[in-house]
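Engineer: Take this structure first; my questions come after.
Laboratory data are not the source of any read-out in this text; all were calculated from the coordinates shown. Predicted model only: the values in this text are computed from it and were never measured. Heads up, the Cβs are rebuilt from the backbone with ideal geometry, glycines too, and the neighbour counts pull from every protein chain shown.
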Amino acid sequence: MNHTREETAQILMGLGYEIDRSWKFRIRADDATPSASINGKTGKIKDFGSGWYGSAIDLMIDFHGYSKANAFKKAKEILGQDIDLNFSNFTHTKQSDTKEQPFITQNYIDKFQQERKENFKRYWELLSQTMPTATKEQKEKIAKQFEIGYTKKGDRLIMPIKDEFGNCVTLWKYNKHPTPFIGENGEMIQLPKLMFSGNRKRSPLNIGSLEQYATASKESNEPIFIMEGEKDCLNALAKGLNAITLGSANALVEERHIPLFKDTKITICYDYDEAGINGAKALKEQLKDTCKSVEILDWEKIFTQFKWSKDEIKKGFDFTDYLVKTEQEHKKEIHKDIER
């Protein structure tokens, strides 16, 4: 069943989301700006922060934990209500107004560690896809440090995202190439490669190391790399960089964390696309008066340096892509040397 843009908006509003005049909304309560929008032709939702795409029904399943049947039932119930689509009636709900969820327990996290052991071959395949240039030792070190597990049911890597106090606030669920499946209504369903626990606040990855990184930055001028997402952050850490991620291109630093950045040297490494470029500029603007220096990684300068044509650079080129491409270039040079 397909919903129109107006029907999708009505369902979302019935779930508590606030839709603006451009048909955009905050898909997560802690998003600084609206990152998701409703397509006028298909009624489908696209989240530019995470890449998630789907219908209102898909959103209810992925973000709110509904079963397929209950999602359809809830949507039908909402569409039967008289909901005002006058967008001017809605104002942004402050993050502090949202209901706090209890922390995810260590016992629950440990279940995914057990599944990792029981399905190690598949787990290692997914980890290697996620960290394509990391050595065996680097993957093992990062996986242990961040407690990366596996779920057989969802066929995804599972990683707890913890706040600065070590409390798990949500789960990162990743599969670079998720397999589509047939839903109960007979339609093909393609889940996004990146998902999180439904209806939970996000937290920066590796925020617990920020104080240590800040000290190193002040004492030895070492930069702190702020990556756009968790995957790039893991790969940067594997290469020995002091890295964190706020979770998406549109996320900004929470006020309580701002003092940790005082007098530090920051390099923002976001994706090569509109969201990444705009997000990096907004983050630099936020931090410029706190940090010693804030630099945005210039991808076009790097492309020129390596003599890479823009035609061979895909939209959304990221740090992990950079590692893969430079490794390929290095192998080509080795082959040339051998042939000589």
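Engineer: Nothing charged except the Cβ atoms of Lys and Arg (+1) and of Asp and Glu (-1): what's the magnitude of the dipole of segment 264-338 about its Cα centre? Round to the nearest 20 debye.
Structural biologist: With only Lys, Arg, Asp and Glu charged at Cβ, the dipole is about 180 debye.
Engineer: Restricting to lysines 8 or more places apart or on different chains, can you count the pairs in segment 269-317 with Cα atoms under 17 Å from each other?
Structural biologist: 6
Engineer: Net charge near residue 283: determine it from the other residues with C-beta under 12 Å of the C-beta of residue 283, scoring Lys and Arg +1 and Asp and Glu -1.
Structural biologist: Local charge sum for residue 283: 0.
Engineer: A follow-up question, please. Can you list the HN-Hα couplings for segment 306-315, worked out from phi with the Karplus curve (6.51, -1.76, 1.60; θ = phi - 60°), rounded to whole Hz and with x for Gly and Pro?
Structural biologist: These are the phi-based 3J(HN,Hα) values: 8, 6, 8, 6, 4, 5, 9, 9, 6, 5 Hz.
Engineer: Which one, 209, 134, 272, is farthest towards the positive end of the dipole of the chain when Lys and Arg carry +1 and Asp and Glu -1 on their Cβ?
Structural biologist: It is 134.
Engineer: Provide the packing ranking of 234-240, 295-301, i.e. peptides ordered by the mean count of other C-beta atoms within 10 Å per residue, highest first.
Structural biologist: So the order, starting with the most tightly packed, is 234-240, 295-301.
Engineer: With charges only on Cβ, +1 for K and R and -1 for D and E, what is the dipole size of the chain about its Cα centre, in debye, rounded to 20?
Structural biologist: 700 debye
Engineer: Right, next: Give me the percent relative contact order of segment 106-196, please, defined on Cα pairs under 8 angstrom at least 6 residues apart.
Structural biologist: Relative contact order of segment 106-196: 21 percent.
Engineer: Then there is this: Checking the cross-link filter: which lysines have an alpha carbon closer than 18 Å to that of residue 152, excluding same-chain neighbours under 8 positions apart?
Structural biologist: Cross-link targets: 111, 117, 121, 173, 176, 193.
Engineer: Have a look at 63, 17, 3 and report the one farthest towards the positive end of the charge dipole of segment 1-72, computed about the Cα centre with Cβ charges (Lys/Arg +1, Asp/Glu -1).
Structural biologist: Result: 3.
Engineer: Just order 105-112, 320-327 by mean Cβ neighbour count inside 10 Å, highest at the front, would you?
Structural biologist: So the peptides 105-112, 320-327, ranked by packing, come out 320-327, 105-112.
Engineer: Something else about it: Where both residues lie in the chain, what percent of DSSP beta bridges are antiparallel, nearest 5?
Structural biologist: Here the antiparallel bridges make up roughly 70 percent for the chain.
Engineer: What is the magnitude of the charge dipole of segment 207-302 about its Cα centre, with +1 placed on the Cβ of each Lys and Arg, -1 on the Cβ of each Asp and Glu, and no other charges, expressed in debye to the nearest 20?
Structural biologist: Around 280 debye, computed over segment 207-302.
Engineer: Something else: Can you give me the convex hull volume of the Cα atoms of the chain, divided per residue and expressed in Å³?
Structural biologist: 171 Å³
Engineer: Taking R0 as 22 Å, what FRET efficiency do you get between residue 128 and residue 33 from their Cβ-Cβ distance, rounded to the nearest 0.05?
Structural biologist: So the FRET efficiency works out to roughly 0.05.
Engineer: Another question about this same structure. Which one, 39, 174, 199, is farthest towards the positive end of the dipole of the chain when Lys and Arg carry +1 and Asp and Glu -1 on their Cβ?
Structural biologist: The residue sitting farthest along the positive end of the dipole is 174.
Engineer: Please give the calculated 222 nm ellipticity per residue for the chain, where each DSSP H segment of at least 4 residues contributes -39500 (n - 2.57) and the sum is spread over every residue; nearest 500 deg cm²/dmol?
Structural biologist: Mean residue ellipticity, 222 nm, calculated: -11500 deg cm²/dmol.
Engineer: While we're looking at this one, here's another question. Let me check I've understood the local charge: for residue 319, count other residues with C-beta under 10 angstrom from its C-beta, Lys and Arg +1, Asp and Glu -1. What total comes out?
Structural biologist: My count for the surroundings of residue 319 gives -3.
Engineer: Report the full-extension gain for the segment residue 330 to residue 301: residue separation times 0.36 nm, less the Cα-Cα distance, to one decimal in nm.
Structural biologist: Here the answer is 8.5 nm.
Engineer: Tell me the Kirkwood hydrodynamic radius of segment 108-155 in angstroms, computed as one over the mean inverse distance between distinct C-alpha pairs.
Structural biologist: 10.8 Å
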